[in-house]
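In what follows, a single structure is set out as structure tokens and then discussed.
The values are calculated or read from the model by the stated rules, or taken from the named source; none is laboratory data. Here the structure is a predicted model, which is why all the values come from computation and not from measurement. Reconstructed Cβ throughout: ideal geometry from the backbone, glycine too, with neighbour counts over all protein chains shown. Side chains included, ligands, DNA and RNA excluded: accessible areas come from the protein's heavy atoms. Shrake-Rupley method; radii C 1.70, N 1.55, O 1.52, S 1.80 Å.
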Amino acid sequence: MTLTRRKFLQNTAALVAGRAAAKELDPNRLAKFVDPLPIPPVMKPLRGGGFRVAMREFTTKLHRDLPPARLWGYEGMSPGPTFEMRSGHPAVVEWVNELPARHFMPIDHELCGAEKDKPEVRAIVHVHGAKTRPEHDGYPENWYVPGESNKSLYPGVQDAAMLWYHDHAMGITRLNTYAGLFGAWIIRDDAEDELNLPRGRYEIPLILCDRFVNEDGGLFYPTSFKPGVVWTPEVFGNVMLVNGKAFPYLDVEPRKYRFRLLNASNGRFYFLSLSNGRPLAQIGSDQGLLPEPAPAKTIAIAPGERVDVIVDFSRAAGSSIVLESQTLGLMQFRVGSGRVADSSAVPAKLRTVERIPESAAVAVRRLVINECKDRAGDSMRMLLNNTPWRAPVTEKPVLGTTEIWEFVNTTDDSHPIHLHMVRFQILDRCNFASELFLVSGQMRITGARTPPEAAEAGWKDTVRAHPNMITRIIVPFTGYAGRYVWHCHVLEHEDNEMMRPYEILPA
Ligand code: C2O
Ligand code: CU
């Protein structure tokens with residue numbers, strides 16, 4: 001983490017130096033907690049069933065005291081409308097590209113898939129965490145241009161969970177998502193309903209992202225501080241947005257709430273806590289409920305991950321509490337006074353998550369996370385298994401089988417690794433001699449294997465692969481055969497080829 005920090009500071013210093021004209025906003029000058037938290041509307045189906053969603057450019061104020069910013073969003077808003085789905089109920093969505101012909105973010109034509117011969121504006125939607133056929137999954141090369149649309153079928157045969165949808169166009173995913181193309185997709189089921197968790201007005205999505213904002217109120221996407229280079233390895237904005245607003249507030253009643261958190265940032269990890277020091281009760285993660293609530297003072301959430309928490313405000317009547325990430329205030333809860341009736345519950349047992357025994361795996365794949373540095377020690381290329389995107393497919397699990405994938409992280413950063421279409425369980429993490437491995441290929445484990453903590457003991461689709469560690473997951477490849485992708489969810493890494501296709505072979 002320290003290296004990331006150092007790089008970030010270097011980057012920022014160079015950016016500030018080279019960009020005096022751009023007038024970066026000083027976030028400390030923004031009044032905190034003056035805008036009410038926006039809640040994205042629920043997506044309405046068409047009269048005949050199904051949905052039609054248009055990607056559009058629009059303007060909106062990121063903060064009360066800023067001029068409007070230009071953004072791209074689904075249905076002309078960011079976050080886009082929330083999909084409310086029932087498990088077992090399929091949905092067809094027509095995603096229509098109505099974006100302008102020119103991009104407003106700096107495209108790097110050196111990146112794979114974003115070459116000069118490609119149209120500037122391209123889009124393809126992926127529903128992160130959805131089990132769907134490959135042709136409906138938003139394969140990065142299946143992008144299409146303004147004026148075109150694409151229909152996808154989401155069977156919905158999966159457990160209740162908070163998924164999300166976002167752009168996935170090859171080589172510009174980081175730019176399209178940063179421009180605002182993301183939203184929540186919530187699946188519900190009977191088992192979850194029966195728990196009587198807080199719902200309706202008391203269940204609220206909190207979608208986190210950070211952006212560089214200029215004094216003119218608009219977004220800024222930094223380019224490299226190296227002359228002639230566009231791509232930059234990480235982007236950490238100066239302003240934190242929750243549901244698209246900078247530092248909002250939410251009026252709450254003194255009772256239990258359920259917050260569905262999503263980290264939609266390009267690269268920022270959050271370490272969430274409450275300013276009153278009370279624990280957050282995590283009840284779910286990427287692919288639904290945990291076996292039992294996991295209370296914690298701090299909850300980590302990497303790009304792409306989701307966290308489902310219960311916050312009980314009943315003993316905080318009349319006070320205000322800030323949701324923080326490492327002392328940085330993200331948003332404020334203003335708790336009403338008095339007493340209110342609260343019939344919701346947080347059962348001690350949420351659901352059964354059968355641990356998959358290691359013996360169920362028919363194969364173990366070692367997958368290395370690589371960062372190639374230039375002479376100055378700066379990241380230039382990020383890869384999985386040192387293999388570029390366009391090399392032939394190497395990971396070919398068979399439909400219906402279970403495999404162990406071990407991510408050997410030889411870099412100094414934590415990478416959130418996401419596999420499309422499947423859900424998995426985390427087995428463990430352990431340290432290894434990274435230098436030795438890089439130099440000689442020899443693997444020496446240097447510590448005990450640590451099983452995941454309670455917050456990571458449910459079904460996942462994105463896992464933090466920590467630096468100099470081996471992170472092992474066990475994956476049942478159930479669903480559909482065909483070609484999908486797996487990648488790092490730091491979007492700058494993903495676009496610079498920390499992404500690979502994988503193919504599920506028919507049984
Ligand atoms: Cu959240 Cu491949 O995506
Ligand atoms: Cu990464």
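A few comments on the model shown:
- So residue 164, is it aromatic (Phe, Trp, Tyr), assigned by TED's automatic domain parsing to the domain that holds residue 41 and farther than 23 Å from residue 259 by Cβ: no
- Where a residue in segment 297-315 is more than 14 Å from ligand 1 (Cβ to nearest atom) and its partner, wherever it lies, is assigned to a helix (DSSP H, G or I), with Cβ under 7 Å and at least six apart: 299/455
- Condition check for residue 303 on (1) open to solvent by 10 Å² or more (accessible area, probe 1.4 Å); (2) closer than 19 Å to residue 426 by Cα; (3) within 23 Å of the chain's Cα centre (by Cα): one failure, at (1).
- Here segment 485-503 is the region considered, the condition is being more than 11 Å from ligand 2 (Cβ to nearest atom) and open to solvent by less than 10 Å² (accessible area, probe 1.4 Å), and the residue that is farthest from residue 133 (Cα to Cα) is 500.
- Sole residue being in contact (Cβ under 8 Å) with a residue 12 or more places away in the chain and more than 27 Å from residue 492 (Cβ to Cβ), chosen from 442, 425: 425
- Residue match in segment 386-401 (condition: surrounded by 12 or more Cβ atoms within 10 Å (Cβ to Cβ), in contact (Cβ under 8 Å) with a residue 40 or more places away in the chain and assigned to a strand (DSSP E or B)): yes
- For segment 435-453, the criterion of being open to solvent by less than 10 Å² (accessible area, probe 1.4 Å), closer than 28 Å to residue 352 by Cβ and not in a strand (DSSP E or B) is met by none of the residues.
- Among the conditions (1) crowded, with 19+ Cβ neighbours inside 10 Å; (2) more than 16 Å from ligand 2 (Cβ to nearest atom); (3) of a type in the set (D, E, K, R), the only one that residue 428 does not satisfy is (1).
- So residue 115, is it surrounded by fewer than 16 Cβ atoms within 10 Å (Cβ to Cβ), away from ligand 1 (no atom under 16 Å from the Cβ) and under 28 Å from residue 416 (Cα atoms): yes
- Checklist (1) touching a residue at least 40 places away in the same chain (Cβ under 8 Å); (2) within 22 Å of the chain's Cα centre (by Cα); (3) open to solvent by 30 Å² or more (accessible area, probe 1.4 Å) applied to residue 262, failing item: (3)
- Residues that are within 15 Å of ligand 1 (Cβ to nearest atom) and either part of a loop (DSSP other than H, G, I, E, B) or touching a Cys at 6+ places or on another chain (Cβ under 8 Å) (or both), drawn from segment 480-494: 489, 490, 494
- Of all residues assigned to segment 474-483, at least one qualifies as being surrounded by fewer than 19 Cβ atoms within 10 Å (Cβ to Cβ) and basic (Lys, Arg).
- Of the residues making up segment 339-351, those that are farther than 16 Å from residue 282 by Cα and either assigned by TED's automatic domain parsing to the domain that holds residue 33 or open to solvent by 80 Å² or more (accessible area, probe 1.4 Å) (or both) are 339, 341, 343.
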